[in-house]
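> Please find one structure pasted underneath; my questions will follow.
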Amino acid sequence: KCSAAVKPPTTFCIFAMQLHETELTALQGNGRQIGPRAEAAVIALFEELRERHAIEAEQFQHLGEEVSSARLSRSMLYLDNEQREAAMAASRKHIEAHAEWLGFRDGSRALQFEDLRTRIALQHFTAIDAEDVELPEEARRSCDRFTEDGIAEQFLLDSGRSCFILAGEEQNFISELEACCANREEDPLTVERLQKDFEQRLVAALIRALRGNPEKRMVQCISRAMSQSGMANMERACKGPQIVVSGGEQSLRYELVGIGLDTWEVRASLWKGCFEDFVVVEDRGIDSEDPSGKVTVLQCSPESQISRRSTIRFELHGGSVHVDVCSFTDETRILDRSGKPMVFNANGTSLAFQRSWGMAVFHRARSMVLLFASPQEVFRCAICKRRARGMAAATMAQTARLRVLPGVGTVPSESRGTVSDDLEGAMRAPLRGAPAQA
């Protein structure tokens, strides 16, 4: 049952949703049943999304906050039975088109359950984004903005920190800065001028890669996919604890390849490494402004790394853009200070930390005072995350409350991670540094 805070969508919104979901399923399927394992993956994904949006609706009702039209439309996609069933049908159709994922084709090997689920999720999130550009503004599920030519503003904001390969031509602003020995600290005006010039050349290269006179909808879909908004879909699709790294190094790469008439592939990759601190988000509500969301800050080995790669095909058909996630891999390897893999429970807490704590209590009950006085590597807090519009990366702006175990040291005051906050529209905010006290 929908919360009272969530109003039913208009008849037009429901009709548009069903119409475009039907169009998005027009992939070449073989008609084979997807089987119980794939069906279970579809059901699990959408039930999780339904539950999380229901929690979010209750939270907004409790707080008495006004719900934006985009957030309302997004919630109704999962809380309204008809819309949710239409989205699930689209996911089943997409799986049918990739029988190799289920081991149905000769020489193919079935994907593991979680790998299958992440591909289903990425397909769904990307297809919804492609559908959004065809809906009127009041019916859209995201707040993404575009230029008159259809270029996603987030694409322009990210241009200075990503590497783009457009029809075989590399565009890399960081490399250009290094070549001319310019830096933001010493000559910010020069860097700003160079970046504006780079943005213009990047947009021109994108248009050329799309054969000079592309449909505006295709430009919107592809430029959005080649930005942090597209990376956010990859992050949201991953099952397990949501990890936000602090510091370290990061590499973002997007490649656009034409593979046929009115068909292109976006090949995106993300790598993060050399970090020694990270945050695990306990995501009770999926929105960035969820006041109950808690985080756990942990330390790790600098050998830890996160790597994600995807290939998404965009095809213009009948005036609409069809999306086909062809591949997606997520390799997250978090090691503790001794080099052993860290395992997390459903709440995002390190099981290694839980075990060490439990053993200490059991074996050293008489030394509890000393235990609490000793340095610990974890604290928990509840955090308000707000998206900074018009910025290349959002920041964690407020911390609602902080609970620190006795003896916990302060958190580094600055971080260089670049991830956004809103799971529905952008990557999470970087960990700029938690306050030293409540």
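Bear in mind that the values in this text are calculations on the coordinates, not laboratory data. What you see is a predicted model, and the numbers here were worked out from it, not measured in a lab. Cβ placement follows ideal geometry from the backbone for every residue including glycine, while neighbour counts extend to all protein chains displayed.
> I need the peptides 135-141, 91-97 ranked by packing, meaning the mean over residues of other C-beta atoms within 10 angstrom, with the highest value on top.
91-97, 135-141
> Right, here's the next one. Between E47 and S251, what length comes free when the chain is fully extended (0.36 nm per residue of separation minus the Cα-Cα distance, one decimal in nm)?
70.1 nm
> Students often check this: by mean Cβ neighbours within 10 Å, which of 154-163, 263-272, 170-179, 76-85 ranks highest, and how do the rest follow?
154-163, 263-272, 76-85, 170-179
> Now for a separate question. Give the residues of segment 324-342 whose amide nitrogen is closer than 12 Å to a point set 7 Å from the Cα of R105 in the direction of its Cβ.
Residues passing the 12 Å test: 326-327.
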